[in-house]
Structures are given as C-alpha cells and as structure tokens.
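Enquirer: Here it is, the structure in full.
The values are calculated or read from the model by the stated rules, or taken from the named source; none is laboratory data. Here the structure is a predicted model, which is why all the values come from computation and not from measurement. Ideal geometry is used to build each Cβ from the backbone, glycine not excepted, and the neighbour counts take in all protein chains shown.
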Amino acid sequence: RSRLRPILMTTLTTIFGMVPLAFEWGDGSEMWAPMARAVIGGMALSTVLTLVVVPNLYVVLAGFADRRKARKLARLQAEAAAGAEPEGSGA
C-alpha cells in the first residue's frame, strides 16, 4: 500500500508525457506516434496487472496452499488417531 502512490505517479507521468507524441502531426510523426501509443498501452496494462491481477492471484494461490495444508494435517491427525486406538477394539 505504501508503494501505490509512487507507482501511479511514475506511470501517469510517463503516459502523460507520451500523449503529445502519440497525437503529433508533424514531420516524423508516422514513426514516433505508433511507438508512443505502444508505450502508453504497455504502461497502462502493466500497471493494472501489477497492482490488481498479481496480488489477487497471489491471494487465490495462497488460499489453495492453505487448504491443501489443512487437508494434509487433518489426514495425518486422522491416521494418528486411528493408529492410537487399542488393538482389541472394533473389527
């Protein structure tokens, strides 16, 4: 959370710095405008992926790992409890 502001500030300054270049109509603009548009799109997409998708994916995968550990622990405890029963009881 403490890194959100610097990340957004850096991304937005880069994007806003490329906007005039992306819409320029002068000499050489046929080469520079597509590059500026690609940089704008790449920065926007990578920022969204970094700030939204990756943390959510981490939470989902951590949840899977926690549930897997809990199931393994429950299975081991059940096996230990079954092994601790007296031999003369049951079938």
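Enquirer: Tell me the residue from Gly63, Gly42 that is within 20 Å of Gly17 (Cβ to Cβ) and not β-branched (Val, Ile, Thr), please. Don't jump to the end; show me each part of the working.
Expert: On the way: Gly63 fails: within 20 Å of Gly17 (Cβ to Cβ).
Being within 20 Å of Gly17 (Cβ to Cβ) and not β-branched (Val, Ile, Thr) holds for just one of Gly63, Gly42, which is Gly42.
Enquirer: Within region 25-59, how many residues are among the hydrophobic types (A, V, I, L, M, F, W, C), touching a Phe, Trp or Tyr at 6+ places or on another chain (Cβ under 9 Å) and over 24 Å from Met9 (Cβ atoms)?
Expert: Final tally of qualifying residues: 1.
Enquirer: Can I ask one more? Return the residues of region 47-74 that are polar (S, T, N, Q) and touching a helix residue (DSSP H, G or I) at 6+ places or on another chain (Cβ under 8 Å); say none if nothing qualifies. Walk me through it before giving the result.
Expert: Restricting attention to region 47-74, the residues satisfying the condition of being polar (S, T, N, Q) are 47, 50, 56.
Listed by number, the residues that qualify are Thr47, Thr50.
Enquirer: Need the failing condition index for Arg37 against (1) at pLDDT below 85; (2) charged (D, E, K, R); (3) surrounded by 11 or more Cβ atoms within 10 Å (Cβ to Cβ), just the number.
Expert: Every condition holds for Arg37 apart from (1).
Enquirer: Name the pairs whose Cβ atoms lie under 8 Å apart, with the first residue in region 10-23 and surrounded by 12 or more Cβ atoms within 10 Å (Cβ to Cβ), the second of a type in the set (S, T, N, Q) and not in a loop (DSSP other than H, G, I, E, B), and 6 or more positions between them or separate chains?
Expert: Thr11/Thr47
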